[in-house]
Each structure stands twice: as structure tokens, then as C-alpha cells.
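S.K.: This is the structure, below, for whatever I ask next.
The values are calculated or read from the model by the stated rules, or taken from the named source; none is laboratory data. Being a predicted model, the structure only gives us computed values, none of them experimental. No Cβ is skipped: glycine too gets one built from the backbone with ideal geometry, and neighbour counts run over all protein chains shown.
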Amino acid sequence: MERELRLRLDLGYDGTDFSGWARQPGRRTVQGEIEDALGRVLRLDAPPSLTVAGRTDAGVHARGQVAHVDVPLAALAAASSGRAPVPEEPERAWEERGAEWLAALTRRLAGVLPLDVRVHVVSVAPAGFDARFSALSRRYGYRVGDAPGGVDPLRRREVLWYARPLDVDLLNAAAARLLGEHDFAAFCRRREGATTIRELQRLDWVRGEDGILLATVVADAFCHSMVRALVGSLLTVGERRRPVGWPAEVLGRAVRDSGVHVAPAHGLTLEEVRYPGAEELARRAAATRRVRTLST
């Protein structure tokens, strides 16, 4: 049986011109671009299938996205050999030149991928690694500018302009009440068979020296539209249109509230995905696959 390698891809993209991460017929997606590039570089009959740490919506960016892909060792050897003969014993050649092959694959992907998506590093995934289920947490950043004159045009694709002044202290006071493990159904789009119970580990706001407000949001996982819905609810507090306790009240009702507006996609960036040590990867993946319920 032909040996396959599981590779980890660390990547980033400007989500502006993508219809999100997930491959969709007739639409330009991040997954589609990378899978097609891998299929081309590795000379495969069909593009390989990527598993990603977190699917992002249309317009959402990523700086620290992670994916994995299983590829035949022989294909990796052929792609890395260039005009040289393909090694007759890929297994032995891999032991001697594996790092060289991975570097060559990274360079070749850079040559065929469009400029708005980059695979920064390709590495061999440790045993038990699953880009999605092995993750301990995801960290997102949401950027907002509330200057009267608008946002720096050079940053317009990653910073939301908010036309009303925002109070950082109010934003943080409201955010603190949302931390912990809860049913975030009020801030998620329901998907049949999927739980909306999540552990929100961090949610805070800082105004930088450039005046831009950065919300840092960390959770073990996120459900669909959760970060943008949380941000949207907090912005109404920051502009003093809602009381500090309102987002927590909405959370407690565990049903979608028409007063919660999902913040625009372009202000959101996936910054980092954290994983446990190699010895814990498989155990973490198994635990994550279990459907959670809230303890009573």
C-alpha cells in the first residue's frame, strides 16, 4: 500500500475576494485555491482534501490559519525532484531529504497560488494531529476605527469604520460578563446536529496608539457567526445605545435576538490556533469530537 504523509500547512489570506474558506461550486474560495494548487504541484489526478482548523466566512481574513492534508509520499518525491529522476526508493530518500522536499513544496506553492493566499510553512504533522479537532483554542482579532474622518484607506480591508465614538471601558465591562462556558445559541447560526455550547476564554478591547480598537476573542471553538455577533452586540454598548448588561441578558435567553446585528466580515481576522503537545494531540481530538452539554 502506498505510504501517505500528513502535512501541516500554516497559512494566511486576505479574505476580501473569497467566498469564504469552504469549497463551493462556481465560487472562488480559499480551500479551492489551495487544493487546486496542491493538486497541480503534486501532479495528482484530483486535488487532495484539506481539513482546516476553522472555516472562515466570506470576507474574513486569516493570519494564523492551520490546515492538514494527506498526500502520497511518491507524489511529494516527484514534485520535489524537478528535472532530476524520481527516487526509486522514496522511503529512503525521504529520510535523507525530507526537509528539502518540504521546502521545495512551499516554494512551488508560492509560485502558483494567487497573492491573496500564502502557505507560509509546510511541515510533517505529528502522529494524531488533526487541524480541526486537535486544536485547544482559536484567537480572533476584530478591528474597529471610530475616528470622525474614517479609517486609513490603506487599512480599509481589515478595519471596520464605526461612525459613532466608542467607550473602551463600556466595551470591556459588557464583554467580561460573557466569559466562561455557556450556550451561545443567541450569537450563533444554528446548524442541525451541532452544539452551540462553547467556552469563551478571553474577550477584551484595547485602543492602540493609532486609535484603532482591537477586540481579542479566544475560545476553544466558535460556532457560525459567533465572533461577529458578539462584536456587534458589544458595539451597541460601546456607543451607549444599550446598557452594559444587555449582551449577557441576550446570552442567558439562548435564542437569537433581533437586536443583535452581526458585525461586517472584513474587520475580523483569525490570528492564531493553539495545539497541545504532540503526546496529547490524539486525546484532544477524541475529546473535541464528543458533543458537549452544560453541567447542571
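S.K.: Those residues that are part of a helix (DSSP H, G or I) and either of a type outside the set (A, V, I, L, M, F, W, C) or exposed (fewer than 14 other Cβ atoms within 10 Å of the Cβ) (or both), I need them from segment 155-197; list them, please. Before the answer, list the steps.
M.R.: Keep residues of segment 155-197 that are part of a helix (DSSP H, G or I), which gives 155, 168-176, 185-187.
Scanning segment 155-197 gives R155, V168, D169, N172, A176.
S.K.: If you don't mind, another one. How many residues are touching a helix residue (DSSP H, G or I) at 6+ places or on another chain (Cβ under 7 Å) and among the small types (G, A, S) if we restrict to segment 99-112?
M.R.: 1
S.K.: From E96, E91, E33, grab the single residue that is in contact with a helix residue (DSSP H, G or I) (Cβ under 8 Å, 6 or more places away or on another chain) and outside any strand (DSSP E or B). Step through it out loud before you land on a result.
M.R.: On the way: E96 fails: in contact with a helix residue (DSSP H, G or I) (Cβ under 8 Å, 6 or more places away or on another chain); E33 fails: in contact with a helix residue (DSSP H, G or I) (Cβ under 8 Å, 6 or more places away or on another chain).
When all the criteria are applied, what remains is E91.
Quick grid of which residues meet (1) farther than 30 Å from V151 by Cα; (2) in contact with a Phe, Trp or Tyr (Cβ under 9 Å, 6 or more places away or on another chain); (3) at pLDDT 95 or above:
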position: R198; (1), (2), (3): yes, yes, no
position: C223; (1), (2), (3): no, yes, no
position: R242; (1), (2), (3): no, no, yes
position: V250; (1), (2), (3): yes, yes, yes
position: A263; (1), (2), (3): no, yes, yes
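S.K.: Sticking with this structure for a sec: In contact (Cβ under 8 Å) with a residue 12 or more places away in the chain and touching a His at 6+ places or on another chain (Cβ under 6 Å): which single residue out of A67, A131 fits that description?
M.R.: Details: A67 fails: touching a His at 6+ places or on another chain (Cβ under 6 Å).
Of A67, A131, the one residue that is in contact (Cβ under 8 Å) with a residue 12 or more places away in the chain and touching a His at 6+ places or on another chain (Cβ under 6 Å) is A131.
S.K.: Quick check on A229: is it in the same structural domain as E271 (by TED's automatic domain parsing), of a type outside the set (D, E) and in a helix (DSSP H, G or I)?
M.R.: Working: in the same structural domain as E271 (by TED's automatic domain parsing): yes; of a type outside the set (D, E): yes; in a helix (DSSP H, G or I): yes.
Judged against the criteria, A229 is a match.
S.K.: Which of the residues belonging to segment 190-230 are touching a residue at least 24 places away in the same chain (Cβ under 8 Å) and of a type in the set (G, A, S)?
M.R.: Passing the criteria: A194, G211, A215, A219, A221, S225, A229.
S.K.: Determine if segment 38-55 includes at least one residue that is on the phi < 0 side of the Ramachandran plot and in contact with a Ser or Thr (Cβ under 8 Å, 6 or more places away or on another chain).
M.R.: The first filter runs over segment 38-55 and keeps only residues on the phi < 0 side of the Ramachandran plot, leaving 38-42, 44-55.
Cutting the leftovers down to in contact with a Ser or Thr (Cβ under 8 Å, 6 or more places away or on another chain) gives us none.
There is no residue in segment 38-55 that is on the phi < 0 side of the Ramachandran plot and in contact with a Ser or Thr (Cβ under 8 Å, 6 or more places away or on another chain).
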